[in-house]
Amino acid sequence: MYNLLSFLLKYRATILFLALEGLSGFFIVNNNAYHQAMVVNSSNNMVASIMDASNTVSEYLNLQEANEQLAEENAQLRSALLGQSSISEQAVFDPAREDSLALLALSQDSLVVLPKVRTRSDSLRFQQYAFIPAKVVDNTVQNFKNHVTINKGRADGIEPNMGVISPNGVVGKVKDVSEHYSLITSLLHTDMNVSALVKRSNTLGSIEWKGVNPTQASLKYIPIHINIITGDTIVTSGFSGIYPPEIPIGTVKEVRPEGDAAFYDVDVDLSNDFFQLAYVYVVKNKLKQEKDSLLEQTLVGNE
Amino acid sequence: MGMNSRHLLPQALNFIIFFIIQILVVRKLVLFDVAFCYVYVAFLLLLPIEISVITALVFGFVTGLLVDIFYNTFGIHAAACVFIMYIRKLWIDFLTPRGGYDMGSLPSPRAQGIRWFITYAFPLLLIHHILIFFIEIGGFQLFSYTALKALASTGFSLIMILVIQYIIYSSSRRNVL
């Protein structure tokens, strides 16, 4: 007993050292689970308001940029709106269009769209997703695991795992929420992946970030028999229900066969400029819960 | 031996100064996309020579966790700070000048000379930065790029730490550093 005590006393610094390193390691490994219980990151109200305040100056400097971006988006939305109203006026039956719309609806996994109600499908799809606008309070691009902090939180209906987009494309996924702020895992995070489609060939792949260049990501799992070329547009697939389908991600920059593997190594220029992120939309998928519970039921039923 | 009251106020001031600079000024300062600036480590490096390893470990852990909250890296800075606080005492003993340290002196450039300080601070900063970046990426898959980040950041942090101490020292007559 005395020996044990004298041992503990003699090596108390080393024991404390090991204990603190163990605790830090525990925090690092359990980062995801831990966040939910106790807000110890920049979505913490106090931390986020400090960042918000310290960003005021740079925000004013970027005001013009943000304005231009919003004006451009407004123009795009206006033209899209015009196009839509003209489509709904032509009630001519067009089998080819009907089919493609049905296909589109299937690929976008909107559960409610029937081929017959073609002119309504767009408005139904539109209602499936609600968009919560938010201002970027903090954003990093040069780390290996980047995060974005925004000024909307639980009080505004934001929940973990919702998708986040900007007018230019995919931004990331909500990781943690506090009352008035949220922490977003940026697309520029080495653990992030987004289900993506090559728009021209409808090939499914996965977007991952390698950790070095904030303007580029790589597209994985494109089989080598697929025709993919520089300039191809990459969009979200919408399969996960986190992002709406056809949200831009980027364009193909370079295609390399990956050794003797079955897949290409594809470099993608990201459509979003993460250096200039100012305003974003959090995507609320009203049917996600329904879809997930259905999936769960099916899986349970199969067992 | 704990921290005596003579050191308490200057150390508290040190903490506030370096922490505020870290969070409000240099948090988003990144040179050439690779050189990050972690000046807050200066607070830990400048703790009095005679404090016990236990005290140093606790200071390292708490400071690291506070920084982690602002960097969304919960645990990483804490782990790195605890590590350098554990080896700090050994390193200070190893660097003991002929005739030993004066009682109650600080491991600062002003008290020990700038060459001594750089010899003392550079390896500790380098180890701290290497730990930060390799733990963040979680492996050696981008070894040379991660090593470049660590090395460039160490240089940047060290220069900023020297500059900040010089500014504070020349603008105040108090015996802060």
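Points to keep in mind about this one:
- Some residue of the stretch B:97-110 being away from chain A (no Cβ under 14 Å) and part of a helix (DSSP H, G or I): yes
- Taking the conditions (1) of a type in the set (S, T, N, Q); (2) surrounded by 23 or more Cβ atoms within 10 Å (Cβ to Cβ); (3) within 9 Å of another protein chain (Cβ to nearest Cβ) in turn, residue B:63 satisfies each one other than (3).
- Pairs, first at the interface with another protein chain (Cβ under 10 Å from one of its Cβ atoms) and crowded, with 18+ Cβ neighbours inside 10 Å in the stretch B:128-140, second part of a helix (DSSP H, G or I) and modelled with pLDDT under 90, C-beta under 8 Å, six or more apart: B:135/A:28
- Residue A:229 passes every criterion in (1) assigned to a strand (DSSP E or B); (2) farther than 20 Å from residue A:191 by Cα; (3) not hydroxyl-bearing (Ser, Thr, Tyr) apart from (1).
- Every residue from the stretch B:160-177 that is over 18 Å from residue B:16 (Cβ atoms) and either assigned to a loop (DSSP other than H, G, I, E, B) or modelled with pLDDT of 95 or more (or both): B:173
- Check on residue A:253, under 19 Å from residue A:193 (Cβ atoms) and part of a strand (DSSP E or B): yes
- Number of the condition not met by residue A:289 [criteria: (1) without any contact (Cβ under 8 Å) to a residue 12 or more places away in the chain; (2) closer than 30 Å to residue B:71 by Cβ]: (2)
- Neighbours by Cβ (under 8 Å, 6+ apart or cross-chain): first from the stretch A:12-32, part of a helix (DSSP H, G or I); second buried (at least 17 other Cβ atoms within 10 Å of the Cβ) and of a type in the set (Lys, Arg): A:32/A:175
- Hits in the stretch A:211-226 (condition: closer than 12 Å to residue A:256 by Cα and touching a Lys or Arg at 6+ places or on another chain (Cβ under 8 Å)): A:218
- Residue count for the stretch B:52-96, restricted to those that are assigned to a loop (DSSP other than H, G, I, E, B), over 22 Å from residue A:45 (Cα atoms) and not hydroxyl-bearing (Ser, Thr, Tyr): 1
- If the condition is being within 24 Å of residue B:140 (Cα to Cα), assigned to a strand (DSSP E or B) and either modelled with pLDDT under 90 or in contact with a Cys (Cβ under 9 Å, 6 or more places away or on another chain) (or both), then the stretch A:175-192 contributes no residue at all.
- Within the stretch B:5-27, being assigned to a helix (DSSP H, G or I) and among the β-branched types (Val, Ile, Thr) holds for B:16, B:17, B:20, B:21, B:23, B:25.
This table checks each residue for (1) crowded, with 19+ Cβ neighbours inside 10 Å; (2) modelled with pLDDT under 90; (3) polar (S, T, N, Q); (4) more than 24 Å from residue B:139 (Cβ to Cβ).
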residue	(1), (2), (3), (4)
A:164	yes, no, no, yes
A:200	no, yes, no, yes
A:207	yes, no, no, no
A:229	no, yes, no, yes
A:236	yes, no, yes, yes
A:256	no, yes, no, no
A:263	no, yes, no, no
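- Of all residues in the stretch A:134-174, those satisfying the criterion of being under 10 Å from the mean Cα position of the chain (by Cα) and either under 29 Å from residue B:134 (Cα atoms) or part of a loop (DSSP other than H, G, I, E, B) (or both) are A:161, A:162, A:163, A:164, A:170, A:171, A:172, A:173, A:174.
- Filter result (of a type in the set (Ser, Thr, Tyr) and not in a strand (DSSP E or B)) within the stretch A:263-303: A:271, A:293, A:298
- Test: residue B:117 is touching a Pro at 6+ places or on another chain (Cβ under 6 Å), buried (at least 20 other Cβ atoms within 10 Å of the Cβ) and not aliphatic (A, V, I, L, M): yes
- Residue tally, condition of a type outside the set (Val, Ile, Thr), buried (at least 17 other Cβ atoms within 10 Å of the Cβ) and part of a loop (DSSP other than H, G, I, E, B), over the stretch A:209-226: 3
- When the residues of the stretch A:15-49 are filtered to those that are more than 19 Å from residue B:63 (Cα to Cα) and at pLDDT 75 or above, the one that is farthest from the other protein chains (Cβ to nearest Cβ) is A:49.
The values are calculated or read from the model by the stated rules, or taken from the named source; none is laboratory data. All values reported here derive from a predicted model rather than from experimental measurement. As a convention, Cβ positions derive from the backbone with ideal geometry for all residues, glycine included, and neighbour counts pool all protein chains shown.
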